[in-house]
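Everything on this sheet refers to the single structure shown next.
The values are calculated or read from the model by the stated rules, or taken from the named source; none is laboratory data. Note that the structure is a prediction, hence the values are computed from the model and not measured. We place every Cβ from the backbone using ideal geometry, glycine too, and count neighbours over all the protein chains shown. For accessibility, only protein heavy atoms count, side chains too; no ligands or nucleic acids. Shrake-Rupley method; radii C 1.70, N 1.55, O 1.52, S 1.80 Å.
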Amino acid sequence: MLVHPAASQAATRISGSADYDTTKCPGPPPAYADFDTYPGLALEGSLDGCLYTKVTGTHETPSGVYLETGQEVFVGRLDGGPMGTFTTGYRFESKWDAATGVEVHGRCQHPIIAGSGTGGFAGATGRLDFKDFPGEPVPYVYRGSVG
């Protein structure tokens, strides 16, 4: 079966939910052993797999704004396709209640690093955007595209 080159470069819109799950996501792949700042984030929906994080920078303000940057590796599948990995850089922005230390809201952008994909994500490009829903049954949702 031949695939038209333009079709193979088309971006797939993605969406789903995520939550920390150490049973589904016990730890990063050996090549990314230091991507363990947080427990693995289990993604469901268009992406099915685990996202592992390595924080590279943080900044907090007295008013409760928290900024974070880093790198991530995703291990899993797109729409039930073959297993693979890709890495992202990310920027997280959030607001926290200074009195309680509880997150009020947050969001982050995760552009896929060109050339980082393997297996089912070989050649992948695109971006994931997460939104936090602190205290809700589904704490994180994502949207974006993978091409």
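Observations on the model:
- About its Cα centre, the dipole of region 80-129 is roughly 140 debye, where the only charges are +1 on Lys and Arg Cβ and -1 on Asp and Glu Cβ.
- Peptides ranked, highest mean first, by Cβ atoms within 10 Å: ranges 131-138, 51-58: 51-58, 131-138
- Dipole magnitude (debye, nearest 20) for region 34-147, charges at Cβ of Lys, Arg, Asp, Glu: 320 debye
- Cα principal axis extents for the chain, largest first, Å: 60, 29, 28
- Rg(Cα) / (2.2 N^0.38 Å) computed for region 33-93, rounded to two decimals: 1.29
- For the chain: accessible area per residue (Å², 1.4 Å): 55 Å²
- Among residues other than Lys54 with Cβ under 10 Å from its Cβ, the summed charge is -3 (Lys and Arg +1, Asp and Glu -1).
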